[in-house]
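Take a look at the structure below.
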Amino acid sequence: MSVRDLVRENIRRLRPYSSARKEFTGVARIFLDANENSFGSPLPQALNRYPDPFQLEIKRAIAPAFGVSVDQMFVGNGSDEAIDLLFRIFCEPRRDSVVVCPPTYGMYEVSADINDIAVRAAPLTDDFQLDPAAIANVAEGAKLLFICSPNNPTGNAFAPETIAGIARNFSGITVVDEAYADFSEQPSMIDRIGEIPNLVVLRTFSKAWGLAGLRVGMAFANEEIIALFNSVKPPYNVSEIAQRAILDAIANRDEVENFVRAILDERASIAAALETFGFVERIYPSDANFLLVRVDEADAIYNFLLAEGIVVRNRNSVELCESCLRITVGTPAQNAELIAALGRYQQI
Ligand SMILES: *Cc1c(COP(=O)(O)O)cnc(C)c1O
């Protein structure tokens with residue numbers, strides 16, 4: 001399998017847009033190359049200049065922590081941008097197909113629909129495990145295979161060996177979405193990008209890092225795939241404000257570790273509190289910052305909580321998640337309110 005053979009023909013032929021900041025990389029005193037406003041901006045921060053198209057400062061700060069080089073790393077406008085780019089790089093509209101393993105993150109299918117790409121499903125088993133035989137049954141000729149680990153909405157992570165085995169047997173690109181990996185003990189698949197040439201691993205600053213509003217995500221893969229990302233992405237896909245904020249966040253990494261510890265503690269306390277309710281049928285094990293909970297009447301509980309001003313995610317209509325609510329771990333005060341509201345529900 002060669003990555004190049006999987007790329008859309010028009011992308012193989014593409015001559016990428018060459019922005020002013022991409023052509024010039026040396027040191028200069030005066031920049032008169034990009035038609036910016038040289039006088040400044042009407043804000044305290046200097047935002048009159050275009051940002052670094054390749055976010056090198058961020059990549060240099062992060063790559064060592066993941067054991068990769070800056071050429072094995074893409075930074076984008078949320079991991080949703082990386083997902084969309086994968087479709088635009090590899091999938092020929094109306095001709096190609098991709099594989100998803102439902103129940104899983106809805107964005108893969110939406111992105112496929114937007115790009116007019118057929119979606120084939122290889123559902124998880126009843127105990128929410130990957131089903132390599134089901135994947136093999138539908139994977140023939142597919143360009144992308146999405147594996148979300150830890151999976152949204154089921155919360156469980158898959159064994160790296162299982163994922164690696166599936167990726168090795170798949171002739172397209174295996175995309176492992178690790179949006180929740182910071183909450184999991186499982187080793188990251190990023191460790192395998194050198195060994196598995198058709199592997200792309202997605203990460204995000206939106207969850208553990210507490211920066212969902214910033215819109216920054218990452219993709220890790222071999223140099224060849226990352227070069228494709230870089231040639232298809234919009235030239236200035238991550239704003240200057242976002243890049244600076246990420247650098248500040250990296251400098252405050254300890255804070256993120258504290259968040260993760262607090263969220264894991266709270267996850268355990270909510271699970272323990274939920275167990276005491278008669279209407280709770282099952283709390284699924286979670287490697288993420290949420291709990292999938294099977295209840296007797298998901299719609300009724302969902303609506304009761306809404307009336308109390310508490311929004312959870314109703315997954316009742318999702319296959320294999322019937323009667324389930326997905327509850328994000330909140331702060332101790334928020335979780336106490338949730339449990340109190342559920343206590344009132346129990347009374348009626
Ligand atoms: C939340 C989430 C993301 C994050 O997407 P961003 O665009 O980076 O905010 C990615 N994948 C999954 C499975 C998620 O649940």
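The values are calculated or read from the model by the stated rules, or taken from the named source; none is laboratory data. As the structure is a computational prediction, the values presented were derived from the model and not from experiment. Don't worry about glycine lacking a Cβ; one is built from the backbone with ideal geometry, like all the others, and counts go over all protein chains shown. For accessibility, only protein heavy atoms count, side chains too; no ligands or nucleic acids. Shrake-Rupley method; radii C 1.70, N 1.55, O 1.52, S 1.80 Å.
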Exercise for review: Return yes or no: is Asn289 open to solvent by 40 Å² or more (accessible area, probe 1.4 Å), over 24 Å from Gln347 (Cα atoms), at pLDDT 95 or above and of a type in the set (S, T, N, Q)?
Suggested key: no
Review point. Which one of the conditions (1) part of a helix (DSSP H, G or I); (2) closer than 19 Å to Leu56 by Cβ; (3) hydrophobic (A, V, I, L, M, F, W, C); (4) touching a Leu at 6+ places or on another chain (Cβ under 8 Å) does Ala271 fail to meet, given that it meets all the rest?
Key: (2)
Study note, to complete from the structure: Reported set for region 1-18 where residues are under 30 Å from Val98 (Cβ atoms), assigned to a loop (DSSP other than H, G, I, E, B) and open to solvent by less than 100 Å² (accessible area, probe 1.4 Å) is Ser2, Val7, Arg8, Leu14, Pro16
Check your understanding: Does region 116-123 include one or more residues that are modelled with pLDDT of 95 or more, under 21 Å from Arg315 (Cβ atoms) and more than 20 Å from the chain's Cα centre (by Cα)?
Key -> no
Revision key, fill the gap. Those residues of region 211-238 which are open to solvent by less than 40 Å² (accessible area, probe 1.4 Å) and not in a loop (DSSP other than H, G, I, E, B) amount to Gly217, Met218, Ala219, Phe220, Ile225, Ile226, Leu228, Phe229, Asn230, Ser231, Val232
Practice item. Name, by its number, the condition in (1) in contact with a Gly (Cβ under 7 Å, 6 or more places away or on another chain); (2) closer than 27 Å to Arg315 by Cα that does not hold for Gly210. Key: (1)
Check your understanding: If you check every pair at least six apart or on different chains, which have Cβ atoms under 8 Å apart with a residue in region 145-156 that is more than 20 Å from Leu199 (Cα to Cα) first and a residue that is near the ligand (Cβ under 9 Å from one of its atoms) and of a type in the set (A, V, I, L, M) second?
Key -> Gly155/Ala288
Exercise for review: Being more than 16 Å from the ligand (Cβ to nearest atom) and among the aliphatic types (A, V, I, L, M) narrows it down to one of Ala82, Ala112, Ala134, so name that one.
Suggested key: Ala134
Study note, to complete from the structure: Only one of Ser269, Ser231 is of a type in the set (S, T, N, Q), more than 16 Å from the ligand (Cβ to nearest atom), touching a helix residue (DSSP H, G or I) at 6+ places or on another chain (Cβ under 8 Å) and within 30 Å of Leu47 (Cα to Cα), namely Ser231
Check your understanding: For region 127-144, how many residues are touching a residue at least 40 places away in the same chain (Cβ under 8 Å) and not in a helix (DSSP H, G or I)?
Key -> 5
Review point. Considering region 146-162 alone, what residues qualify as being more than 14 Å from the chain's Cα centre (by Cα) and either surrounded by fewer than 22 Cβ atoms within 10 Å (Cβ to Cβ) or closer than 23 Å to Arg94 by Cβ (or both)?
Key: Asn156, Ala159, Pro160, Glu161, Thr162
Review point. In region 49-63, which residues are exposed (fewer than 15 other Cβ atoms within 10 Å of the Cβ) and part of a loop (DSSP other than H, G, I, E, B)?
Key: none
Practice item. Would you be able to tell me the number of residues in region 69-85 that are out of contact with any strand residue (DSSP E or B) (no Cβ under 6 Å at 6 or more places or on another chain) and among the aliphatic types (A, V, I, L, M)? Key: 3
Practice item. Answer yes if at least one residue in region 194-210 is within 20 Å of Asn151 (Cα to Cα), open to solvent by 40 Å² or more (accessible area, probe 1.4 Å) and not polar (S, T, N, Q), and no otherwise. Key: yes
Exercise for review: Give me a count of the residues in region 295-326 that are free of Cβ contacts under 8 Å to residues at least 60 places away in the same chain and either in contact with a Cys (Cβ under 7 Å, 6 or more places away or on another chain) or assigned to a loop (DSSP other than H, G, I, E, B) (or both).
Suggested key: 12
Point to revise | Residue in region 188-206 that is within 10 Å of the ligand (Cβ to nearest atom), in contact (Cβ under 8 Å) with a residue 24 or more places away in the chain and farther than 20 Å from Glu257 by Cα present | key: no
Review point. So Ser38 clears everything in (1) surrounded by 10 or more Cβ atoms within 10 Å (Cβ to Cβ); (2) of a type in the set (S, T, N, Q); (3) under 27 Å from Asn198 (Cα atoms) except one condition, right? Which one?
Key: (3)
Revision key, fill the gap. Residue hits (region 239-283; surrounded by 13 or more Cβ atoms within 10 Å (Cβ to Cβ) and β-branched (Val, Ile, Thr)) are Ile241, Ile246, Ile250, Val256, Val260, Ile263, Ile270, Val280, Ile283
Review point. Somewhere in region 85-107, is a residue open to solvent by less than 10 Å² (accessible area, probe 1.4 Å), within 20 Å of the chain's Cα centre (by Cα) and without any contact (Cβ under 8 Å) to a residue 40 or more places away in the chain?
Key: no
